[in-house]
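Before any comments, here is the structure.
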Amino acid sequence: MQQRTLGRDRPLTVSALGLGCMGMSEFYGPGDDGESIATIRRALDLGVTFLDTSDMYGSGHNEELVGRAIADRRDEVVIATKFAIVRDEDGTRRIDSSGPYAKQAVEASLRRLGVEHIDLYYMHRRNPDTPIEETVGALGDLVAEGKIGHIGLSEVNATTLRAACAVHPITALQSEWSLFTRGIEAEIIPTARELGVGIVPYSPVGRGFLTGAYSSVEDLAEDDFRRYQPRFQGDNLQANLRLVERVRAIAADAGCSPVQLALAWLLHQGDDVVPIPGTKRVKYLEENAAAANIALSEQQLAALDAAVPVGAVAGERYPAESMGTVER
């Protein structure tokens, strides 16, 4: 697979598409560790070598899973993981983006992954009570110590990103971006590009909407978190399914699947864009990886913009309490 470069001042070379590993441990129904490990190893065979995890996915299980999968292939992999979302024993979540916690969390992630060095370490979410300068300063210390190679931020706004870059080079910004989620195009993407920060879109196929596989929440597993997402509810769902049909028609014309079309659209947004579609199954991984070879015409790109205009998707991307934690 072709390679892309994230970051200008502290660049990191990665595969043009990454693999989001979150769903292998929770959120998207039951998983199977054996199948997940086979999927990760097949990804490496295909050249999808940019693996994305977090210490909160499965409360550490996901990092351990990734570590097992790449144990004998460490030199082939760019590992990205995250810290700052803390799960307490009673199940509640809080955000701790403080410098001392960053230094504590990285040690646990290194241990679970079974590695001596994390290639890209993200602040997963920001607690606004902690100055971003403190967080990035601590992460810069970890770079100097050799425990991490590059610093990333997730779901921050343009002002925070600018303040962070004044402290230390930021290699990547991971935020939700897809045909179904385009709010960051107004201010955050231009700021990232001005500052030389690479862009790593998560949920690049609209949390599965753009697969065309879902017509009701009943199609989702009982423990699938999308059952509680506003875009999958009632009238919002029906309105969004109509948008999916438009995408399906364009995909048919382009000779690819809707998923491949959605990923190709993102890849066409710039060479600094590296989507990380998630899957726990080899067949979907292979479908995703093939999107890196799809060339879209200007007419097809324009048709997609017309089919799913900015603001056309019904419903917020998270429930209200979660929306309060993004773009801070």
Every residue from region 268-317 that is within 25 Å of residue 171 (Cα to Cα) and of a type in the set (A, V, I, L, M, F, W, C): 273, 274, 276, 289, 291, 292
Among the residues listed as 84, 69, the single one being buried (at least 18 other Cβ atoms within 10 Å of the Cβ), small (Gly, Ala, Ser) and more than 17 Å from residue 278 (Cα to Cα): 84
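Here's the yes/no breakdown for (1) surrounded by 17 or more Cβ atoms within 10 Å (Cβ to Cβ); (2) free of Cβ contacts under 8 Å to residues at least 40 places away in the same chain; (3) in contact with a strand residue (DSSP E or B) (Cβ under 8 Å, 6 or more places away or on another chain):
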site	(1), (2), (3)
121	yes, no, yes
126	yes, no, yes
130	yes, yes, no
136	yes, yes, yes
147	yes, no, yes
155	yes, no, yes
160	yes, no, yes
163	no, yes, no
172	yes, no, yes
Single unsatisfied condition, residue 260 versus (1) surrounded by fewer than 22 Cβ atoms within 10 Å (Cβ to Cβ); (2) among the polar types (S, T, N, Q); (3) without any contact (Cβ under 8 Å) to a residue 60 or more places away in the chain: (1)
Of residues in region 1-27 being hydroxyl-bearing (Ser, Thr, Tyr) and within 24 Å of residue 199 (Cα to Cα), the one surrounded by the fewest Cβ atoms within 10 Å (Cβ to Cβ): 13
Answer residue from region 268-283, given it is under 14 Å from the mean Cα position of the chain (by Cα) and not in a loop (DSSP other than H, G, I, E, B) and is nearest to residue 46 (Cα to Cα) among those: 278
Single residue of 74, 93 found to be under 29 Å from residue 137 (Cβ atoms), out of contact with any Gly (no Cβ under 8 Å at 6 or more places or on another chain) and at pLDDT below 95: 93
Among (1) of a type outside the set (D, E, K, R); (2) at pLDDT below 95; (3) surrounded by 14 or more Cβ atoms within 10 Å (Cβ to Cβ); (4) not in a loop (DSSP other than H, G, I, E, B) - the single one residue 214 does not satisfy: (4)
Pick from region 39-66, criterion without any contact (Cβ under 8 Å) to a residue 60 or more places away in the chain and over 20 Å from residue 225 (Cβ atoms), ranking: surrounded by the fewest Cβ atoms within 10 Å (Cβ to Cβ): 45
Single match in 23, 31 (criterion: under 22 Å from residue 55 (Cβ atoms) and part of a loop (DSSP other than H, G, I, E, B)): 31
Which numbered condition residue 317 misses (of (1) crowded, with 19+ Cβ neighbours inside 10 Å; (2) over 19 Å from the mean Cα position of the chain (by Cα)): (2)
Out of 227, 207, 182, 246, sole residue that is modelled with pLDDT under 90 and surrounded by 15 or more Cβ atoms within 10 Å (Cβ to Cβ): 207
Which listed residue is within 29 Å of residue 78 (Cβ to Cβ) and either among the acidic types (Asp, Glu) or touching a residue at least 24 places away in the same chain (Cβ under 8 Å) (or both), from 314, 289, 254: 289
Test: residue in region 317-328 that is in contact with a strand residue (DSSP E or B) (Cβ under 7 Å, 6 or more places away or on another chain) and either part of a helix (DSSP H, G or I) or of a type in the set (Val, Ile, Thr) (or both): yes
Search result, residues across region 228-267 that are of a type in the set (S, T, N, Q), in a helix (DSSP H, G or I), touching a helix residue (DSSP H, G or I) at 6+ places or on another chain (Cβ under 7 Å) and farther than 15 Å from residue 308 by Cβ: 260
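The values are calculated or read from the model by the stated rules, or taken from the named source; none is laboratory data. Please read these numbers as outputs of a predicted model, since none were measured by experiment. Every residue, glycine as well, gets a Cβ built from its backbone with ideal geometry; the counts of neighbours run over all protein chains shown.
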